[in-house]
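*Asks:* Below is the structure I would like to discuss, written out as structure tokens.
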Amino acid sequence: MNIERFGSIKTGSGGQSLPFCQATEAGGFVFVSGQVAMDATGEIIEGGIVAQTHQTMANIRGILEMASCTFADVVKVTAWLDDPRDFQGFNRAYAEYFRGHLPARACVQSALMVDAKVEIEVIAYKPH
């Protein structure tokens with residue numbers, strides 16, 4: 001099996017190096033590591049769940065593009081919300097990215113490792 005990695009080292013909050021790749025392609029699938037609402041400087045953006053969901057999805061879009069994929073190729077999403085009261089706002093923002101194409105999804109509450117409101121990982125299918 002041919003495995004390709006995208007974005008092998010990402011700088012996190014405070015400039016720390018993070019020991020993971022942004023995505024791995026294997027067997028026709030692209031596995032995008034969990035993403036948060038981090039801007040280009042490595043800091044979590046300010047704003048509520050809607051703003052952070054949009055930034056997180058923008059980050060995911062960029063990674064999918066590196067792998068020659070789009071949101072239409074996404075087959076599975078896992079989302080973690082810091083606060084379950086954000087579920088409705090998260091769903092409104094999330095729905096803008098999957099019109100007519102709804103991937104399988106899990107969404108749970110969990111304390112996050114950084115001061116963010118949401119973390120999202122996706123799996124896309126890209127047949128060879």
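*Asks:* Sort out which residues of region 73-128 are in contact with a Leu (Cβ under 9 Å, 6 or more places away or on another chain), in contact (Cβ under 8 Å) with a residue 60 or more places away in the chain and of a type in the set (Val, Ile, Thr), and write them in order of number.
*Replies:* VAL118, VAL122 - these are the residues of region 73-128 that are in contact with a Leu (Cβ under 9 Å, 6 or more places away or on another chain), in contact (Cβ under 8 Å) with a residue 60 or more places away in the chain and of a type in the set (Val, Ile, Thr).
*Asks:* Residues PHE31, PHE87: which one is of a type in the set (Phe, Trp, Tyr), at pLDDT 95 or above and over 24 Å from SER17 (Cα atoms)? Before you say what the answer is, go through the steps one by one.
*Replies:* Values: PHE31 fails: over 24 Å from SER17 (Cα atoms).
Among PHE31, PHE87, only PHE87 is of a type in the set (Phe, Trp, Tyr), at pLDDT 95 or above and over 24 Å from SER17 (Cα atoms).
*Asks:* Now a separate question. Out of all the residues in region 87-119, which are of a type in the set (D, E, K, R) and surrounded by fewer than 19 Cβ atoms within 10 Å (Cβ to Cβ)? Write out each step before concluding.
*Replies:* Quick first cut of region 87-119, residues of a type in the set (D, E, K, R) only: 92, 96, 99, 105, 115, 117, 119.
Hits for region 87-119 are ARG92, GLU96, ARG99, ARG105, ASP115.
*Asks:* Before we move on, is THR41 assigned to a loop (DSSP other than H, G, I, E, B) and of a type in the set (S, T, N, Q)?
*Replies:* Values: assigned to a loop (DSSP other than H, G, I, E, B): yes; of a type in the set (S, T, N, Q): yes.
So THR41 passes the test.
*Asks:* Return the pair list, or none, for Cβ contacts closer than 6 Å from residues in region 25-37 that are part of a strand (DSSP E or B) to residues that are surrounded by fewer than 24 Cβ atoms within 10 Å (Cβ to Cβ) and of a type in the set (Gly, Ala, Ser), at least 6 apart or on different chains.
*Replies:* Hits for this filter: GLU25/ALA67; VAL30/ALA67.
*Asks:* If you scan region 78-128, which residues turn out to be hydroxyl-bearing (Ser, Thr, Tyr) and within 20 Å of ALA67 (Cα to Cα)?
*Replies:* Here is the first cut: in region 78-128, the residues hydroxyl-bearing (Ser, Thr, Tyr) are 78, 94, 97, 110, 125.
Scanning region 78-128 gives THR78, TYR97, TYR125.
The values are calculated or read from the model by the stated rules, or taken from the named source; none is laboratory data. Remember, it's a predicted structure, so these values are computed and weren't measured experimentally. Note that we place each Cβ from the backbone using ideal geometry, even for glycine, and neighbour counts take in every protein chain shown.
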